[in-house]
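The values are calculated or read from the model by the stated rules, or taken from the named source; none is laboratory data. This is a predicted model, so every value here is computed, not measured. Neighbour counts run over all protein chains shown; Cβ positions are idealised from the backbone, glycine included. The accessibility values were calculated without ligands, DNA or RNA, using every heavy atom of the protein model including side chains. Shrake-Rupley method; radii C 1.70, N 1.55, O 1.52, S 1.80 Å.
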Amino acid sequence: MDNIGSPSKINGNLPKCVVQILKNKKKIAIIGPYPPPYGGISVHIQRVLAQLESSEIRYYDFYNETKNSGYHGNFYLFYSKITKMYSLLRLFLSPYKLIHHHSPDLRIRIILGILGLMGKNVYLHIHGASLKNALNAGGIKGILMQKVIKHVHILADNYEIMQIAKKNHAKSVTMIDAFIPPLYSEAIFTEFCDNHVLNTDNYDAIISMVGWFTYYNQEDLYGFDLLVEVVKELAVKYKILVLVSINGVIAQNLHDDFVEKIEKNNLVENFYLIYEDLTEVWPIYLLSDVFLRLTNTDGNALSINESLWFETPVIASDCIDRPKGTILFKNRDVKSLEKKIEQVILERANLLTCKQKIEKMKTKRFTNRLFKEIYHVEE
């Protein structure tokens, strides 16, 4: 890609505002959250920005939706009414090559759809069920979304999202894997192990899980209720430790019920709960024999792809199509989940050890279509 800041490309005698406009014609605007807190979307953005920052050429602007994130680069605020108004005005006035929006904020999607109607090159990245819910919601917002989707490009995390976008006549639809793997860092892994001393050799199985305490369709979205029930059954036969990285608590009652059930069923020794914002979550995949994704709905879950990337088996609900290699259980079915976990426990001798996983990480390579086919830049 051309060095857009080079004197050979931009005349140094041009007014500063004109120079900025010329630069912005080459730039990408990325809108979304940056961790902490950690979640599928924020981690994806973290990975994307890390890839972009590895280049010597700054060809993007980041509009950060997280007030207290860990991002240390240059960015524009996008988390309050005032900062959103300012940033939306900037997006309208700046001739970006494209605008790439990640979050399920329906109002912002509609506004960006209007910018698409006005000729802006807008991409809405759909990571879960939010687009389907918005289009089926009815009311003025639902109607407006049905109208403006025709003027935006849709990046879909899975086949179901792609079909919904096509049915509603989006400007273009691309199904693209949101997964961008982290690089193994000995310093980060050592930091995690120093802060969380775990005697993993003393157990028949180490299970891991990541999630938020929140509802979807009046059910525990991440399946923490299922987790307690299945551990209660398995703990009768096996010594199990469950590492749970808690991204946040939206529904306090779900969290309180979860903790109460652990204590009531004498499972305190079987759970290790992590509430802190981790530098990276992948150390728990390396330490685990199996990772669980118990959600009752999903997009293209980054945690599944990351766990598989780190050579750790994954058991996930069958609520949507899952990545190749994922072990499926019947959604919201404790007995089905128990059976799948027990199969992994019985085959533990055939799994890679933590040290073997780390050795494989050192030689793995990965490419993502987002950079070449959407951003049109080399990774």
- Message: It is to be established whether one or more residues within the stretch 55-76 are crowded, with 21+ Cβ neighbours inside 10 Å, modelled with pLDDT under 95 and either in a strand (DSSP E or B) or in contact with a helix residue (DSSP H, G or I) (Cβ under 9 Å, 6 or more places away or on another chain) (or both).
- Response: yes
- Query: So Y96 clears everything in (1) closer than 30 Å to S54 by Cβ; (2) open to solvent by 70 Å² or more (accessible area, probe 1.4 Å); (3) over 20 Å from the mean Cα position of the chain (by Cα) except one condition, right? Which one?
  - Reply: (2)
- Task: Any chance you could count how many residues in the stretch 297-337 are within 14 Å of G223 (Cβ to Cβ), polar (S, T, N, Q) and at pLDDT 95 or above?
- Result: 3
- Enumeration of residues in the stretch 175-198 that are open to solvent by 80 Å² or more (accessible area, probe 1.4 Å), farther than 17 Å from Q356 by Cα and modelled with pLDDT under 85: none
- Message: If I go through the stretch 338-379 residue by residue, how many of them are under 27 Å from R58 (Cα atoms) and either of a type outside the set (V, I, T) or modelled with pLDDT of 90 or more (or both)?
- Response: 14
- Message: Given the criteria in contact with a helix residue (DSSP H, G or I) (Cβ under 8 Å, 6 or more places away or on another chain) and either free of Cβ contacts under 8 Å to residues at least 40 places away in the same chain or among the polar types (S, T, N, Q) (or both), does H101 qualify?
- Response: no
- Query: Taking the stretch 304-339 as the region of interest, how many residues are more than 12 Å from L226 (Cβ to Cβ), open to solvent by 50 Å² or more (accessible area, probe 1.4 Å) and among the basic types (K, R)?
  - Reply: 2
- Item | Residue satisfying all of: in the stretch 238-267; in contact (Cβ under 8 Å) with a residue 60 or more places away in the chain and surrounded by fewer than 20 Cβ atoms within 10 Å (Cβ to Cβ); nearest to S303 (Cα to Cα) among these | G248
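When you scan the stretch 159-274 for helices (runs of 4 or more DSSP H) that lie fully inside it, which ones turn up with 2 or more residues that are among the aromatic types (F, W, Y)?
186-195
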- Could you please tell me which pairs satisfy a Cβ distance under 8 Å, a separation of 6+ or placement on different chains, a first residue in the stretch 84-96 that is closer than 19 Å to K67 by Cα, and a second residue that is open to solvent by 40 Å² or more (accessible area, probe 1.4 Å) and in a helix (DSSP H, G or I)? L88/I111
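I'm trying to understand the selection: among the residues of the stretch 271-292, which are closer than 19 Å to T353 by Cα, open to solvent by less than 10 Å² (accessible area, probe 1.4 Å) and modelled with pLDDT of 95 or more?
Once the filter is applied, which keeps residues that are closer than 19 Å to T353 by Cα, open to solvent by less than 10 Å² (accessible area, probe 1.4 Å) and modelled with pLDDT of 95 or more, the stretch 271-292 yields P283, I284, Y285, L286, S288, V290, F291, L292.
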- Message: Which condition from (1) open to solvent by 70 Å² or more (accessible area, probe 1.4 Å); (2) under 25 Å from Q46 (Cα atoms); (3) over 18 Å from the mean Cα position of the chain (by Cα) is the one that H169 breaks?
- Response: (2)
- Message: Quick test for you: out of T295, T367, pick the one residue that is in a loop (DSSP other than H, G, I, E, B) and crowded, with 16+ Cβ neighbours inside 10 Å.
- Response: T295
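Out of curiosity, is H127 open to solvent by 10 Å² or more (accessible area, probe 1.4 Å) and either under 30 Å from C354 (Cβ atoms) or in contact with a Pro (Cβ under 8 Å, 6 or more places away or on another chain) (or both)? Steps first, please.
Working: open to solvent by 10 Å² or more (accessible area, probe 1.4 Å): yes; either under 30 Å from C354 (Cβ atoms) or in contact with a Pro (Cβ under 8 Å, 6 or more places away or on another chain) (or both): yes.
Taking the combined requirement at face value, the residue satisfies it.
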